[in-house]
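Note sheet for the following structure.
The values are calculated or read from the model by the stated rules, or taken from the named source; none is laboratory data. Here the structure is a predicted model, which is why all the values come from computation and not from measurement. In this analysis, Cβ positions are derived from the backbone assuming ideal geometry, glycine residues included, and neighbour counts consider all displayed protein chains. Each accessible area value is taken on the protein alone, full model and side chains, heavy atoms only, with ligands, DNA and RNA left out. Shrake-Rupley method; radii C 1.70, N 1.55, O 1.52, S 1.80 Å.
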Amino acid sequence: QARLQESGGGSVQAGGSLRLSCGLSGFNPGIASACLAWDRQAPGKEREGVAASATVVGRAVKLYADPVKGRFTISPDNDENTLDLQMTRLKRGDTAMYYCAADVAQRKCLSATMKDVGDLTLWGRGTLVAVSS
């Protein structure tokens with residue numbers, strides 16, 4: 001049975017960095033052929049896609065939501081079966097529960113607006129990131 005497990009959340013001051021990691025197990029066909037994404041849900045707000053990654057014709061495509069562009073980096077590791085999210089220059093507005101997700105349909109990770117991230121079929125339980133001023 002496929003399973004995702006996030007780790008790395010915690011409390012950090014504004015301007016700091018955190019690295020989230022998501023371990024994927026039992027996922028076929030493997031992350032090299034998958035749509036992989038991170039999304040988040042802040043208190044009182046709807047969930048939003050943060051970053052997505054897919055391989056199209058042998059080329060890695062990585063997309064980011066506007067609020068995190070230039071600050072967050074999504075990194076799948078095919079050998080370790082992990083999906084990391086490096087977060088830098090964190091802001092209070094980044095406070096949220098962060099979830100990793102995967103799907104065999106790579107097209108769900110190719111929208112610049114992240115509109116399909118919510119439709120991914122496999123989800124972790126989330127890890128909390130709290131940014132203080």
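Across the stretch 63-76, which residue is farthest from LEU120 (Cα to Cα) among those that are open to solvent by less than 60 Å² (accessible area, probe 1.4 Å) and part of a strand (DSSP E or B)?
PHE72
Considering each residue of the stretch 83-133, count those that are open to solvent by less than 20 Å² (accessible area, probe 1.4 Å), more than 20 Å from GLY8 (Cβ to Cβ) and outside any loop (DSSP other than H, G, I, E, B), and give that number.
The qualifying residues number 2.
Can you list residue pairs whose Cβ atoms sit under 9 Å apart, with the first residue in the stretch 13-33 being free of Cβ contacts under 8 Å to residues at least 60 places away in the same chain and the second being open to solvent by less than 50 Å² (accessible area, probe 1.4 Å) and of a type in the set (Asp, Glu)? Count only pairs 6 or more apart in sequence or on different chains.
These pairs meet every condition: GLY23/GLU6.
What is the one condition in (1) closer than 22 Å to GLY30 by Cβ; (2) in contact (Cβ under 8 Å) with a residue 24 or more places away in the chain that VAL50 does not satisfy?
Failing condition for VAL50: (1).
Would you mention how many residues in the stretch 40-60 are farther than 13 Å from LEU83 by Cβ and hydrophobic (A, V, I, L, M, F, W, C)?
Total meeting the criteria: 3.
Taking the stretch 12-55 on its own, how many of its residues are open to solvent by less than 10 Å² (accessible area, probe 1.4 Å), assigned to a strand (DSSP E or B) and under 11 Å from ALA102 (Cβ atoms)?
8
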